[in-house]
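Every read-out reported here was derived from the displayed coordinates using simple, explicitly stated rules and does not represent laboratory data. In this text, all values refer to a predicted model and were calculated from it rather than measured experimentally. Cβ atoms come from the backbone with ideal geometry, glycine included; neighbour counts cover every protein chain shown.
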């Protein structure tokens, strides 16, 4: 019997949780009907979902703001669609959407949590208050709490979230899109240098300065490389980032490419993908790079070590010397041991295919919604 699943999300802007929602909804080949309600205005994934034939509603509540109009509109939509399942995405949607749903008589509510730090320096005060309120009502509102990573579930349970409702469902990926390209499909200019890259928006949690410190360390060792920075805010208009790049003497080594649509193509152009984050839950870019056969060097945050699975380099966060050493090891393997490097590339792809397919993710959500 088909289900009507309403997804209530804090936003549809460019983010890991929003991307996971998009993949889940658009790759479900069953007869289930998915409806998406965003608490905020239209974002990147609004049109993408609509283009796939998914019904999308926006409550147009500003960031961190709750309006009576938005609450009444949400209640009206819930009564209109009479969903079988309500799946929330992120804290604000879990708290507000969950409370409105309960007041409308809904019980089959699943929270979706995609966060892995409570650090007050890395969260807004309003977000920390929402987290506290979620903790307080976690044994009342949701039927289950779905975390995207083991590290996230551990963090929240230790903070007092109801542990008897925990489910962990890792993200899954469209491996027909994220795959190694053939040589003819790649843009392959003659080059004698290693291309590094980091796909991440400009955000303190991504700790780009730690990356720059590591790269400056490599440059002092006369290691040849170019590093491409891709993501929202990573362009020539970012004066603070440009200042840091110049301060570390890396102007000739860094390319600021900004936001890019074709991430699978970008991942295929990189020799090594780096993630220097100080906090993550389940970093999508690591799995996406590995699915394209691109080995990764990443900080040990969230479930990064599980995603890499021994097929890359995992080092402590905020430790630029360890980051530099790991990147150097990767470069040396690529340049000095091509057969070993080729095997490493194949292992990266195989590990993601075995453990993180979109089909597995969808099946896990469906199994959860049936319990």
Among 199-209, 128-138, what's the highest-first ranking by average C-beta atoms within 10 angstrom per residue? 199-209, 128-138
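At R0 = 35 Å, how high is the FRET efficiency between residue 360 and residue 72 if r is their beta carbon distance? Nearest 0.05 is fine.
Numbers: r = 38 Å, r/R0 = 1.09.
That gives a FRET efficiency of 0.35.
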Put a dot 7 Å past each Cα toward the Cβ at residue 247 and residue 3; how far apart are the dots in nm? 4.9 nm
May I ask you to derive the FRET efficiency for residue 269 and residue 122 from their Cβ-Cβ distance with R0 = 25 Å, giving the value to the nearest 0.05? 0.25
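Taking Cα pairs under 8 Å and at least six residues apart, what relative contact order does region 1-156 come out at, in percent? Could you put the intermediate results ahead of the total?
Numbers: 259 pairs, mean separation 35.6, N = 156.
This gives 23 percent for region 1-156.
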Mean Cα-pair separation over length for region 194-355, i.e. relative contact order, pairs under 8 Å, 6 or more apart, %: 24 percent
At 7 Å along Cα-to-Cβ for each site, give me the label-to-label distance between residue 232 and residue 140 in nm. 3.2 nm
Give, in nm to one decimal, the length gained when the segment between residue 329 and residue 183 is fully stretched (0.36 nm per residue of separation minus the Cα-Cα distance). 50.1 nm
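Quickly rank 257-264, 299-306 as a protection proxy: mean count of other C-beta atoms within 10 Å, highest first. Working shown, then result.
Numbers: 257-264: 13.8, 299-306: 22.2.
Top of the packing list down: 299-306, 257-264.
For region 194-355, what does the convex hull of the Cα positions come to per residue, in cubic angstrom?
Working: hull volume 15.4 nm³, N = 162.
For region 194-355, the hull spanned by Cα atoms encloses 95 Å³ per residue.
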In nm, spacing of pseudo-spin labels at residue 52 and residue 339 (7 Å Cα→C-beta vector): 4.3 nm
Given the alpha-carbon gyration tensor of the chain, what are the semi-axes of its equivalent ellipsoid in whole angstrom, ordered largest first, with each equal to the square root of 5 times an eigenvalue? 38, 22, 19
Taking the highest mean first, how do the peptides 141-153, 238-250, 17-29 order by number of other beta carbon atoms within 10 angstrom per residue? 141-153, 17-29, 238-250
